[in-house]
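Only one structure is covered here, and it is reproduced in the block below.
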Amino acid sequence: MSISPDNLPILIYNLFPLLAGSITNWESHLDRIFRMGFNWIFINPFNFPGFSGSMYSIKDYYGFHPKVSAGLSDGEVRHILMDFIRKSKSMGIKVMADLVINHTAIDSPLTHQHPRWYQMENGKIKNPCVKEGDIVTVIWGDLAEIDNLNSPDKENLWNYWLNLLEYYIDLGFDGFRCDAAYQVPSLLWKFLIEKGKEKNKDTVFFAENLGCELKDTLNLISAGFDVIFNSSKYWDFEQPWCLKQYNATHKIAPSVSFAESHDTPRLARELNFKWDCIKMRYLFSALFSAGVMIPMGFEFGFSKKLDVVSTSDNDWEHTGVDLTDYIRTCNLTKREYRIFHNDTPIEVLHTQNKNVFAFLKSGFDNGEKAVVIINKDSAHYQEFYHHNLQDIFGFYADIIDISPEYPMDHVPCQFHYNLRPCQAKVLYSRLK
């Protein structure tokens, strides 16, 4: 599976509907998103929810969440949404919706209108759950689990999802982040992706594959997904699992990294408001893979975790922190150098200092190479030394420093640098 070069690199800003509030306010965020250099906006479910109020417990796919509609009619909201998408596109920003088709709200009218679309347990519609072995540890009582694989009315069920997909495409959406994609049969995704691309060949499908087995991710790619997500956020730069996962997929599908998402605690709180460390984790995410994503508020160091039920526009924080210029610099670097547009081969480099992590990223076909050097220590300077960088880069042109902060005017081959706490240094060269 390949993705058009026009869609790379993938720079995603997650506009969280509950935090953004009324849809009439969404456009006010566009200039900031544009200035930071993002070329995608991802919007979590904005549909009318079930009794729990959760964005991911959808009662009516064609209605709108009360915090989004804010008293406007569905027709008025639909019109404003389409205008928002058109304005985003005019600024070079594509918009993706969240496609949630593995469950509905338990109080959705579909449970009465089409009970055969659902999985049954003990004579009742089944609630999704989490098991550890044979023991159920979590039950989502507000959700009803769809039987996308074995429903006796599967043809009508699949066509319902197709109609929903085509409705979103008609609204103007350019792509879809497919929630819990591995919990939906690959055959259904293949059907929807093929039909979606027949309607608009440029539609991009993102598989939310976090937490699944590698074989499940490979099945999703085989079903036609253009882009997957990776778990580099959780990497300590030491354990082998992250590069093992990366190397298993990097030749067949680009992936998206994130330093924080709507599902995770805020990074500012996780890292105890150490802004240099937060910036380093964003830069690493941006350079590691083809895509990078942040949730709304990351750029201002928000500390309150996003909640799919209770968050509101009243949770907007006034932190006095502004990382927008730094994020813009990272994103522009990612845009400028093609080596950061794809999941290209990565090799961990040996360093003499255990507190310093370094990797070499090599371009597929245009002779680019980049070395990223990271001080893992959040409190102390750490030294990095290499006797001859040409041993890493080979017989390349001059090596330049493209770091977003403290770039060197000249990079000597005998390289010795004292990294600030959590500083990342980015060196680049390209064959003549």
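FRET efficiency for residue 239 and residue 112, Cβ-Cβ distance as r, R0 = 35 Å, nearest 0.05?
0.10
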Just to check I understand the Karplus step: with θ = phi - 60° and J = 6.51 cos²θ - 1.76 cosθ + 1.60, what whole-Hz values come out for region 416-423, glycine and proline as x? 9, 9, 9, 6, 5, x, 6, 6
Would any residue of region 232-258 have its amide N under 17 Å from a label point 7 Å out along Cα→Cβ of residue 130? List them or say none. 234
Step through the residues of region 40-56 one at a time and calculate ³J(HN,Hα) from phi using the Karplus curve (6.51 cos²θ - 1.76 cosθ + 1.60, θ = phi - 60°), rounding each to whole Hz and writing x for Gly and Pro. 9, 10, 9, 10, 5, x, 10, 7, 5, x, x, 4, 6, x, 5, 4, 9
Extension gain from residue 309 to residue 336, taking 0.36 nm per residue of separation minus the Cα-Cα distance: 5.8 nm
Pairs beyond 25 Å (Cα-Cα), from 251/361; 67/94; 59/89: 59/89
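Can you tell me the length gained on complete extension of the stretch residue 90 to residue 201, counting 0.36 nm per residue apart and subtracting the Cα distance? Could you put the intermediate results ahead of the total?
Details: separation 111, 0.36 × 111 = 39.96 nm, distance 1.94 nm.
Result for the pair: 38.0 nm of gain on full extension.
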Over the chain, the quotient of the Cα radius of gyration and 2.2 N^0.38 Å is 1.02
Just report the Cα centroid separation between region 114-183 and region 269-330, whole Å. 31
Check each of the chymotrypsin sites (Phe, Trp or Tyr not before Pro) in region 381-418 and keep only those in coil by DSSP with at most 11 other C-beta atoms within 10 angstrom; list them in order. 395
Semi-axes a, b, c in Å (a largest) for region 105-146, each sqrt of 5 times a Cα gyration tensor eigenvalue, come to 21, 11, 7
Going by how many other Cβ atoms sit within 10 Å of their own, how do 262, 114 line up, fewest first? 114, 262
Non-local amide H neighbours of residue 118 (under 5 Å, H modeled in plane, Pro and chain starts lacking H): which ones? 147
How big is the charge dipole of region 227-266 about its Cα centre, in debye rounded to the nearest 20, if each Lys and Arg gets +1 on its Cβ and each Asp and Glu gets -1 on its Cβ? 140
Amide H proximity to residue 42 below 5 Å, modelled H, separation 5+ or other chain, gives 13, 14, 15, 96
C-alpha center-to-center spacing [region 17-44, region 233-256] in angstrom: 29
Degrees separating the helix 74-90 axis from the principal Cα axis of the chain, which is the longest one: 20
Only helices counted: for the chain, with every DSSP H run of 4 or more residues adding -39500 (n - 2.57) and the sum spread over all residues, [θ] at 222 nm is -8000 deg cm²/dmol
Quick one: length gained pulling residue 263 to residue 62 fully straight, 0.36 nm per residue minus the C-alpha distance? 69.9 nm
HN-Hα couplings for region 215-228 via Karplus (6.51, -1.76, 1.60; θ = phi - 60°), in whole Hz with x for Gly/Pro, come out as 4, 5, 4, 5, 5, 5, 4, 5, 6, x, 4, 7, 9, 10
With a 10 Å radius around each residue's Cβ, average the other Cβ atoms per peptide and rank 248-260, 300-312, 197-209, highest first. 248-260, 197-209, 300-312
With charges set only on the Cβ (+1 for Lys and Arg, -1 for Asp and Glu), what does the dipole of the chain come to about its Cα centre, in debye to the nearest 20? 560
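No lab work stands behind these numbers, since they all come straight from the coordinates. Owing to the predicted nature of the structure, the values given are computational and were not obtained by experimental measurement. FYI the Cβ positions are ideal-geometry reconstructions off the backbone, even for glycines, and counts take in every protein chain you see.
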